[in-house]
Amino acid sequence: MRATRQLTDDEGFPVRLGEVRRVVSLVPSLTEAVAASAPGLLVGATDWCTHPADLDAPRIGGTKNPDVERIVTLRPDLVIVNEEENRAPDLDALRAAGAAVWTTRIRNLDQALDSLRRLLVDACQLTEPDWLLSARAAWGRVPAPAAQVRAVAPIWRRPWMVLGADTFAADLLRRLGVTVVTAGHPGRYPRVPLPELLAADAELLALPDEPYRFTAADGPEAFPGLPYALLSGRHLTWYGPSLAEAPAVLAGQLGERRSGGPVM
């Protein structure tokens, strides 16, 4: 590939690019974003890239343990990564091997929409996809909430980890009228002991099904009496085509609150 352009990614790294015809993605939501926009570009994806369901691309390991040598042999014009999902040593190794690495940084909805456009339109030189335009429109139609519901929003248990401040998922919840009570804790995904969560004066327990798969039988029993909502983790945490339907999906699930379970 002859590099004819120099851009900067979301982290400010310079990225020299020519025509982008071969892309390796190390982030499941970015894999889906490229596949929905120009499926012929993908020549490599992680083992965790589950969307679209019929994705036919060589697998190069996980988000935290990609096979750098395998990626290099695929001769990508661009490797797309995320500063939160992927490890800096792997990205350094890819750059040292001569790969053009584009790092995304996404902490809220506006950043996600802008970052996706820069990746697809500026870096890959695609026309802005219809799904991205639909996502902007869908979130633009969400009315400002009349009030905020205070919620505990775990993402893991054993130990309990929750959404904190400066996270994409917490921003989506806020736009839908839900404030995470742990936003004041240091760290973006703090570990908080269960007794402290129980004493947080929450009005709702928001339980996504990824990265930990919370269910009606796994999660609510730890918060007796607290109403809970089961949420689609893909719509809450992925930045890609699912963003277009996320407002309706998440609002519907938040409206289907259930009574808290008994003490176990």
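Please report the net charge: other residues with Cβ closer than 14 Å to the Cβ of T46, K and R +1, D and E -1. After counting each charged neighbour, the total is -1. Computed over the alpha carbons of region 100-255, Rg followed by Dmax gives 16.2, 52 Å. Taking N as the residue count of the chain, its C-alpha radius of gyration divided by 2.2 N^0.38 Å amounts to 1.06.
Taking the DSSP bridge list for region 12-88 and keeping only pairs wholly inside it, about 10 percent are antiparallel.
Think of region 112-233 as having a plus end and a minus end, set by charges on the Cβ of Lys, Arg, Asp and Glu; of L205, P224, P190, P190 sits farthest toward the positive end of this dipole.
Each semi-axis of the equivalent ellipsoid for region 106-152 is √(5λ) with λ an eigenvalue of the Cα gyration tensor; in descending order they amount to 28, 13, 6 Å. Note on the chain: helix-only mean residue ellipticity at 222 nm, from DSSP H runs of 4+ residues weighted -39500 (n - 2.57) and normalised by residue number, equals -7500 deg cm²/dmol. Please report, in debye to the nearest 20, how large the charge dipole of region 39-78 is about its Cα centre when each Lys and Arg carries +1 at its beta carbon and each Asp and Glu carries -1 there. That gives a dipole near 100 debye.
Annotation: the antiparallel percentage among DSSP beta bridges lying fully within region 114-264 is about 35. Given all pairs of different Cα atoms, what value in angstroms does the Kirkwood hydrodynamic radius of region 5-62 take? By the Kirkwood definition, the hydrodynamic radius is 12.1 Å. Overall, the chain carries a charge dipole of about 160 debye about its Cα centre when +1 sits on the Cβ of Lys and Arg and -1 on the Cβ of Asp and Glu, all other atoms neutral.
Here region 214-257 is treated as an ellipsoid with the same Cα gyration tensor; its semi-axes, largest first and in whole Å, are 23, 11, 6. Only Cα pairs under 8 Å and 6+ residues apart enter the sum, and on that basis the relative contact order of the chain stands at 15 percent. First check a/c for region 112-189, with a ≥ b ≥ c the square roots of the eigenvalues of its C-alpha gyration tensor; if it is under 1.5, answer rounded, and if not, answer prolate when a/b is larger than b/c or oblate otherwise. In terms of gyration-tensor shape, oblate.
A viscosity of 0.692 mPa s and a temperature of 37 °C, combined with the Kirkwood radius over C-alpha pairs in the Stokes-Einstein formula, give region 30-126 a diffusion coefficient of 238 µm²/s.
Throughout, read-outs are computed from the coordinates displayed, never taken from laboratory work. Values in this document were obtained by computation on a predicted structure and should not be read as measured data. Every residue, glycine as well, gets a Cβ built from its backbone with ideal geometry; the counts of neighbours run over all protein chains shown.
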